[in-house]
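Colleague: First the structure, then my questions, so here it is.
The values are calculated or read from the model by the stated rules, or taken from the named source; none is laboratory data. Treat the numbers as computed from the prediction; the structure is a model and nothing was measured. Virtual Cβ from ideal backbone geometry, glycine too; neighbours counted across all protein chains shown. Keep in mind that these areas ignore ligands, DNA and RNA; they rest on the heavy atoms of the full protein, side chains included. Shrake-Rupley method; radii C 1.70, N 1.55, O 1.52, S 1.80 Å.
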Amino acid sequence: MNTQSTPVHIKLWHRGFWMMSIANFLVAMSVYIFLPVIPEWMAAEKSFTNVDTGISFFAFALGLFLLGPFCSYLVQRYRRNKICITSILSMAACASALFLFEQESNHSWVVWLFYLQRFLFGAFFGLAQMVLTSTLVIDTCESFLRTEANHSASWFSRLSLSIGPMTGLLLYHALGFDSVVTAAIVTCVASCMLVASTKFPFRAPEEGLHHLSLDRFFLTRGTILFVNLLIINVSIGILFSLRLPFTFYGFLMGGFLLALLAQHFVFRTADLKSEVISALMFIMAAILLLLTHDLQSVIFIAPLFIGFGVGIVGARFLLFFIKLSRHCQRGTSQSTFMLAWESGIAIGLGIGFCLSAIGHTLLLVLSLILSAVALGIYHFYAHSWFMSHKNR
């Protein structure tokens, strides 16, 4: 793929696609709504340490990979929409378990139960995302629209990275932690209702199904891109661990919107390599601003740069994975992208909280170093490797 933009077809935006895209947004929001709230709640109300908080994010990242090997078997053995609904309802059940933690104060065993809750929450979220993005979204559209469908639907979950934390902070400071948990449950249930009300064609299962498979789970030939994207998102996750204000996430969304416009107007005819490089340079510039300036304006400019960079990176790497996949591997490429994206942010948050004792400045330096490493990998190796191995 040597063009910078994805064509827009009005035929794609029908009722079924809208419902799956909004369902994708709501599922992601049920996760991101906790992103800034869990650390505050653990420290202020449960007296957990920053290391405890960091481990909880590592547990979530690990959980994302748990059910992936079973994804292909489940969606072919059972109705795929029912697998998705079951996964999302399981997420709601895991979220509701947080009500029980509010009543307990015995740190020695509650913290381990909390790790388990985060692990299972990540596991069911990972499966729900795999089924939604790799199967249900493209089941609602014609074959020639599938790349555009994947690209467009991913923007809905990307926007939740800003809207979710804003909603969480607003509810937590206004109504308390229980309101955040309730909102997460409501978004899960609403997502289930959207999936349940959409019709999907019946597909007969293939012969010789294996219970464990890399199909719809991990694209091994995309490992280079996986590692590259993972490093980028680890650096972003470290930034998110710095307990950012409400306004930061608002301007982050502004950066996402600028990235959408830039894809269609700025990078439309530019050299393909320039897009990711420009995005990473914007992210690094934002980190440098946070490191070297104490001005009030920085808290507005930096998230705009970060949102712009993250939006461009997410959209471009998703298309890279799609173009790298062989026939019938589109779903696998989607799941691989999702795992790199979500686990990278969670691992970055875990690192940030576990290393919080080194201070705000050194964490920013670490984030900057990781971004520079990712830029080097992409510029000197990953891009040329992709261009020589892509299939579409």
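Colleague: Quick one: which residue in L219, L272 is open to solvent by less than 60 Å² (accessible area, probe 1.4 Å) and modelled with pLDDT of 90 or more?
Modeller: Checking each option against the conditions leaves just L219.
Colleague: Just checking, does segment 272-279 include any residue being among the basic types (K, R) and under 20 Å from the mean Cα position of the chain (by Cα)?
Modeller: For segment 272-279, residues among the basic types (K, R) and under 20 Å from the mean Cα position of the chain (by Cα): absent.
Colleague: Turning to a different aspect of this structure: Within segment 132-158, which residues are touching a residue at least 60 places away in the same chain (Cβ under 8 Å), over 25 Å from F256 (Cβ atoms) and either in a helix (DSSP H, G or I) or open to solvent by less than 10 Å² (accessible area, probe 1.4 Å) (or both)?
Modeller: T135, D139, listed by residue number.
Colleague: Then there's this: Have a look at V27, V75, V31 and point out the one that is at pLDDT below 95 and open to solvent by less than 40 Å² (accessible area, probe 1.4 Å).
Modeller: Just a single option satisfies the conditions, and that option is V75.
Colleague: Tell me whether segment 164-183 contains one or more residues that are polar (S, T, N, Q) and at pLDDT below 95.
Modeller: The answer is no; no qualifying residue exists.
Colleague: Please go through segment 39-91 and pick out each residue that is outside any loop (DSSP other than H, G, I, E, B) and among the basic types (K, R).
Modeller: Within segment 39-91, R77, R80, K82 qualify.
Colleague: Within segment 364-384, restricting attention to residues that are among the polar types (S, T, N, Q) and touching a residue at least 12 places away in the same chain (Cβ under 8 Å), which residue is surrounded by the fewest Cβ atoms within 10 Å (Cβ to Cβ)?
Modeller: That would be S371.
Colleague: When you go through (1) in contact (Cβ under 8 Å) with a residue 60 or more places away in the chain; (2) touching a helix residue (DSSP H, G or I) at 6+ places or on another chain (Cβ under 9 Å) one by one for Q76, which number turns out not to apply?
Modeller: Q76 satisfies every listed condition except (2).
Colleague: Of all the residues that make up segment 82-91, how many are in contact (Cβ under 8 Å) with a residue 60 or more places away in the chain and surrounded by fewer than 22 Cβ atoms within 10 Å (Cβ to Cβ)?
Modeller: 2
Colleague: So in segment 286-328, with the set limited to residues that are polar (S, T, N, Q) and open to solvent by 40 Å² or more (accessible area, probe 1.4 Å), which one is farthest from S274 (Cα to Cα)?
Modeller: Ranking the candidates gives Q296 first.
Colleague: Please determine, by comparing only the residues of segment 184-216 that are open to solvent by less than 40 Å² (accessible area, probe 1.4 Å) and part of a loop (DSSP other than H, G, I, E, B), which one is modelled with the highest pLDDT.
Modeller: S213
Colleague: Give the residue, chosen from T332, T336, T361, that is of a type in the set (S, T, N, Q) and open to solvent by 40 Å² or more (accessible area, probe 1.4 Å).
Modeller: T361
Colleague: Which one of the conditions (1) over 22 Å from S213 (Cβ atoms); (2) open to solvent by 60 Å² or more (accessible area, probe 1.4 Å) does F70 fail to meet, given that it meets all the rest?
Modeller: Among (1) over 22 Å from S213 (Cβ atoms); (2) open to solvent by 60 Å² or more (accessible area, probe 1.4 Å), the lone unmet condition for F70 is (1).
Colleague: Give the number of residues within segment 227-259 that are open to solvent by less than 50 Å² (accessible area, probe 1.4 Å) and assigned to a helix (DSSP H, G or I).
Modeller: 21
Colleague: Follow-up question, since we're still on this one. Within segment 6-20, which residues are open to solvent by 100 Å² or more (accessible area, probe 1.4 Å), modelled with pLDDT of 80 or more and under 15 Å from W155 (Cα atoms)?
Modeller: Answer for segment 6-20, where residues must be open to solvent by 100 Å² or more (accessible area, probe 1.4 Å), modelled with pLDDT of 80 or more and under 15 Å from W155 (Cα atoms): just W18.
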